[in-house]
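Only the coordinates and a few stated rules stand behind these numbers; no lab work does. Please read these numbers as outputs of a predicted model, since none were measured by experiment. All Cβ positions, glycine included, derive from the backbone under ideal geometry; neighbour counts span all protein chains shown.
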Amino acid sequence: MLLQLSCINMPTVKALADILAELSKGGFRITRARRSMIEVLIGSTLPISAEWLLASLIKQKVPANKTTV
C-alpha cells in the first residue's frame, strides 16, 4: 500500500482520523513520526520536498530520519 497525498487534492482528503484508520487497516503502525508527517502533508498548500518535511519534523522535535520520510 502506497500513501500518496497531493496538495491539489487536499480539499477531498478525509479527516486525519480517517487516514490513520486506513493506514491501520493496511497493517501500518501509527507512530508519532507517521502521524506528524500526515498532519504536515494535509496542512500544506504547496508541494513539499522530503528534506523540507524532515526539517519540519525535527523542528517539532519528532524523532525522524531520512529513512522515515
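Observations on the structure shown:
- Here r is the Cβ-Cβ distance between I48 and S24 and R0 is 25 Å; the resulting FRET efficiency, rounded to 0.05, is 0.55.
- Karplus 3J(HN,Hα) series, Hz, for region 32-38 with 6.51 cos²θ - 1.76 cosθ + 1.60 (x for Gly, Pro): 4, 5, 5, 4, 5, 4, 5
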